[in-house]
Amino acid sequence: MAEGSYAHKDIARSTISRKDLSDEEKTKLEKKILSQLNRIEHGEKVLLKKINKTVEKGKVDDPRKAYFSIVHLSFNDFAQAVIGCCVFGLPAFINLSFWDYVDLMHTSSIFFVHIFFSFCVVIAQNYEFRNTFSFDKWFSRMLAKRFLYTYFSVLIVIVVILISLNKIELAMTNLDVVRHLLIAQSVGLFGAVTFSFLKR
Amino acid sequence: MKKLDFENLLKRNGKRKHISHDTFSGETFVDNFNIDFIRYFRVKSFLVAFIYSAIGAALFFGSDSIYTFFWQKSLGGIVAVFLLMVAFILAFLTSISFFATDSLKKALRMSGRRGFYNSFTIILAFSIVLASSGNFSWGQQFYVLVKNFFSAVILMALISLPADWLITFVTDVMSEKAEKGQKSKKEKVPEKKPGP
């Protein structure tokens, strides 16, 4: 772009210095060339702005920058997780056919669903804070902490909901309680992360 | 990374006496006294808390007199004692960190985080001891697990938390003193003047 503007200047000088042109024509030409130069300058500024924006966006990928946002679980984050878990989880938990379906499922498949959902949540949280799907060794420690915070925040809500819906009772067996907890926790975790994504 | 001037930092903060630098995040904290044992949850703290929690759980499941003592009490009473203990622990951690930082918000955040990590460690130790001692089965009534959990956690917390805090605090202070001693020794050694 800069080279273009220098070429314009040379053309302008050579054109203006032509003897066959009158003064009026010369001033007209000068104005034309100047306006063209202004346009080029404006184009350069717009391009620079775009470049700066992309550079700033790239900075978010720096794990040390993202550290400060991920390591502090504020009350706002906790509330988001709780609300997300309730908004997305409650409709499923209230529906009786959901529990009928859960009763038909094998325990190992419930366990695998839980592991898969947890893994998805880790990936989603990594993307949420770093704008990339690639993992960073330094950042993974922070990510594990964040996942733990989210997991326990959701667990507290899930336990309260399940107790109030009589899906966890003292007379039940450990296996039934664990099955209900795992499946509800998977749904709640997904809800919590989805809500923070929607907010973004 | 820029080297920190600790003496200047202390001068700027007036009466405050202790500086703690988090090498991982790069943050520096200036407190009235050493509260690193609350601020950080390091491998040392985890190991001490885990070992003493496991000892507590082993005592609960191993000793008949302790086990029957808890099983004679009602579940409601045990849960009430558990909640009281949690409130006391949080109040203790908050008050200490409040006196050190002069900020209730920071104190609450620190105590909450420390309490969370301690509870995580205790639950982990309880689960391992429960599974290895044979006191758990999938067909067992959930009531048994709940009562065992709350009873064992009371005992585990009473043993592991004071030990964790005390050992971490004492070792922190000792290592700090040793560092200061080494620094003063280095300062005392006169620099060699270049000879003719």
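The values are calculated or read from the model by the stated rules, or taken from the named source; none is laboratory data. What you see is a predicted model, and the numbers here were worked out from it, not measured in a lab. So basically every Cβ, Gly included, is an ideal-geometry build from the backbone, and we count neighbours across all protein chains shown. For accessibility, only protein heavy atoms count, side chains too; no ligands or nucleic acids. Shrake-Rupley method; radii C 1.70, N 1.55, O 1.52, S 1.80 Å.
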With criteria (1) farther than 30 Å from residue A:175 by Cβ; (2) more than 19 Å from the chain's Cα centre (by Cα), residue B:108 comes up short on (2)
Taking the range B:15-54 and keeping only residues that are among the hydroxyl-bearing types (Ser, Thr, Tyr), open to solvent by 30 Å² or more (accessible area, probe 1.4 Å) and either modelled with pLDDT of 80 or more or touching a Cys at 6+ places or on another chain (Cβ under 8 Å) (or both), one is left with B:40, B:52
Reported set for the range B:98-122 where residues are without any contact (Cβ under 8 Å) to a residue 12 or more places away in the chain and within 19 Å of residue B:51 (Cβ to Cβ) is B:119, B:120
**Prompt:** Is it fair to say residue B:168 is assigned to a helix (DSSP H, G or I), open to solvent by less than 60 Å² (accessible area, probe 1.4 Å), more than 30 Å from residue A:171 (Cα to Cα) and in contact with a Lys or Arg (Cβ under 8 Å, 6 or more places away or on another chain)?
**Reply:** yes
Flag for residue A:102 being under 27 Å from residue B:115 (Cβ atoms) and surrounded by 15 or more Cβ atoms within 10 Å (Cβ to Cβ)
no
Output for Cβ contacts, cut-off 9 Å, separation at least six or different chains, first residue in a helix (DSSP H, G or I) in the range B:70-86, second of a type in the set (D, E, K, R), reads B:70/B:147; B:71/B:147; B:75/B:147; B:78/B:147; B:81/B:73
Margin query: When you scan the range A:160-175, do you find a residue that is open to solvent by 50 Å² or more (accessible area, probe 1.4 Å), touching a residue at least 24 places away in the same chain (Cβ under 8 Å), within 14 Å of chain B (Cβ to nearest Cβ) and within 28 Å of residue B:135 (Cα to Cα), even just one?
Written below: yes
Note on the range A:128-137: residues in a helix (DSSP H, G or I) and either touching a strand residue (DSSP E or B) at 6+ places or on another chain (Cβ under 9 Å) or open to solvent by 50 Å² or more (accessible area, probe 1.4 Å) (or both) are A:137
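Residue B:66: open to solvent by less than 30 Å² (accessible area, probe 1.4 Å), more than 14 Å from chain A (Cβ to nearest Cβ) and either in contact with a Phe, Trp or Tyr (Cβ under 9 Å, 6 or more places away or on another chain) or farther than 30 Å from residue B:39 by Cα (or both), yes or no?
Answer is no for this residue.
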Across the range B:117-161, the tally of residues that are assigned to a helix (DSSP H, G or I), at the interface with chain A (Cβ under 9 Å from one of its Cβ atoms) and surrounded by fewer than 15 Cβ atoms within 10 Å (Cβ to Cβ) stands at 1
Here the residues within the range B:99-116 that are open to solvent by 20 Å² or more (accessible area, probe 1.4 Å) and aliphatic (A, V, I, L, M) are B:104, B:108
* State yes or no: is residue B:151 over 16 Å from the mean Cα position of the chain (by Cα) and within 23 Å of residue B:83 (Cβ to Cβ)? => yes
Filtering the range B:25-35 down to residues that are more than 14 Å from residue B:106 (Cβ to Cβ) and in contact (Cβ under 8 Å) with a residue 60 or more places away in the chain yields B:33, B:34
